[in-house]
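Report on one structure; see the data block that follows.
The values are calculated or read from the model by the stated rules, or taken from the named source; none is laboratory data. Quantities reported herein were computed from a predicted structural model and do not represent experimental measurements. Cβ placement follows ideal geometry from the backbone for every residue including glycine, while neighbour counts extend to all protein chains displayed.
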Amino acid sequence: MSEDIKSITLEELTEELRQMGEPAFRGKQIFSWLHRGVRSFEEMSNISKPLRERLAELYYIGVPRAVRKQVSKSDGTVKYLWELRDGNCIETVLMQYRHGNTVCISSQVGCRMGCAFCASTIGGKVRDLRPSELLDQVIFSQLDSGLPVSNIVLMGIGEPMDNLDNVLRFLELVNHPQGLNIGMRHISLSTCGVVPGIRRLAESELQLTLSVSLHAPDNETRSRLMPVNRAYDVEALFAACHGYFQKTGRRISFEYAMIDGVNDSDSQADLIVQKLRGMPGHVNLIPLNNVAESALKPSRRVSAFQKRLERQGVTATVRRSLGGDIDASCGQLRRKAMENGKKGFQL
Ligand code: SAH
């Protein structure tokens, strides 16, 4: 059984090579080839043939295959559906902002969190992504599109805190100066509110941005929308968030998808203000994306809600929607691909 070489850190690779009698710099050479997206050991032109052959016996280089690529006509957003080594598919979205190109990556094949408004969770979780499979989404979206990536958001399919070991290893890989060298301050991680994960991330003291998918500040509504709230309720969640801020000094961003008649009342806005007291928070209001399988509808009170938060001193922005013409949100492309044939969806 050959091993996944791209999930290995530079230190581990250097140690493996040392045991094969290779000098320390060899690790750096191979690591940087891998992170530039080579498809085979053959391409590593400054590595001797015998070593390349030995490596090919021991390791594989995973390369995702783009089975679908959609480019938005209106804003240039690119969406990829990648097929992995085992035939599973995941999505990656590349968005062009003034502050740089941002890639939104998936952390799992499917998701087991069960949020009522989200297309990614409909078929459940199939498996966790490996560190290399997280990294490859960045490497190959950049290579294929020709757009240099400066920011990463872990907001695609899956719950990063449900795959935290692999996510932390990915962060180490993507941040490495010999690799893509993307700074922690250019990376955001979004969670539905897995409290032990938030605490573990706080301990790591990484300077990334934590996003928490709040979607409701009261237990009744939140438990209805997000089953995770039955395990870690609003009080536990905010205790973890306050702890996170105290430990890292980093402002948390709260995602809030506005749903008609469900979470868009004045009293809910006031409750958010109350919960955020004592820490600088930023609320990101998201116009709900329609999901074919769900009866929930977008709110018509987004701007009133925003104003009510702002008036009480809470920073609130409305997320600009990109890629609306290409199913660029929340597991919609993978869903369509899965359903293709069965229900006659066409991509
Ligand atoms: N599992 C993580 C990250 C992936 S979801 C999390 O829950 O945060 C990325 C974001 O999209 C989350 O805030 C999620 O709640 C939101 N989202 C999912 N479906 C949506 C929809 N139909 N409309 C708007 N936002 C949605």
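Annotations
- Considering residues of the range 129-159 that are over 24 Å from residue 207 (Cα atoms) and not in a helix (DSSP H, G or I) only, the residue nearest to the ligand (Cβ to nearest atom): 147
- The requirement of being outside the structural domain of residue 229 (by TED's automatic domain parsing) and either on the phi > 0 side of the Ramachandran plot or acidic (Asp, Glu) (or both) is not satisfied by residue 100.
- Residues of the range 43-73 that are in contact with a helix residue (DSSP H, G or I) (Cβ under 6 Å, 6 or more places away or on another chain) and farther than 25 Å from residue 25 by Cβ: 64, 70, 72.
- Residues that are surrounded by 12 or more Cβ atoms within 10 Å (Cβ to Cβ) and of a type in the set (Ser, Thr, Tyr), drawn from the range 1-17: 7, 9, 14
- Listed by position, the helices (runs of 4 or more DSSP H) inside the range 225-326 whose residues that are more than 16 Å from the ligand (Cβ to nearest atom), modelled with pLDDT of 95 or more and within 17 Å of residue 209 (Cβ to Cβ) number at least 3 are 234-248.
- Test: residue in the range 161-180 that is of a type in the set (S, T, N, Q) and within 16 Å of residue 93 (Cβ to Cβ): no
- Considering residues of the range 91-128 that are outside any loop (DSSP other than H, G, I, E, B) and of a type in the set (Gly, Ala, Ser) only, the residue farthest from the ligand (Cβ to nearest atom): 100
- Within the range 80-90, the set of residues being assigned to a loop (DSSP other than H, G, I, E, B) and touching a Gly at 6+ places or on another chain (Cβ under 9 Å) comprises 84, 85, 88.
- Among the conditions (1) within 23 Å of residue 171 (Cβ to Cβ); (2) over 26 Å from the mean Cα position of the chain (by Cα), residue 12 misses just one, which is (2).
- Within the range 160-185, considering residues that are of a type in the set (S, T, N, Q), part of a loop (DSSP other than H, G, I, E, B) and on the phi < 0 side of the Ramachandran plot, the one surrounded by the most Cβ atoms within 10 Å (Cβ to Cβ): 175
- For the range 18-28, filtered to residues that are among the basic types (Lys, Arg) and in contact (Cβ under 8 Å) with a residue 12 or more places away in the chain, the residue that is surrounded by the fewest Cβ atoms within 10 Å (Cβ to Cβ) is 28.
- When the range 187-210 is filtered for residues that are of a type in the set (Lys, Arg) and in contact with a Lys or Arg (Cβ under 8 Å, 6 or more places away or on another chain), nothing remains.
- Inspection of the range 57-70 finds no residue satisfying the criterion of being at pLDDT 95 or above, surrounded by 15 or more Cβ atoms within 10 Å (Cβ to Cβ), closer than 29 Å to residue 230 by Cα and in contact with a Leu (Cβ under 7 Å, 6 or more places away or on another chain).
- Members of the range 202-215 found to be of a type outside the set (Val, Ile, Thr) and within 13 Å of the ligand (Cβ to nearest atom), listed by number: 210, 211, 213, 214, 215
- Test result for residue 167, touching a residue at least 60 places away in the same chain (Cβ under 8 Å) and under 28 Å from residue 31 (Cα atoms): yes
- Some residue of the range 139-154 being acidic (Asp, Glu) and under 20 Å from residue 225 (Cβ atoms): no
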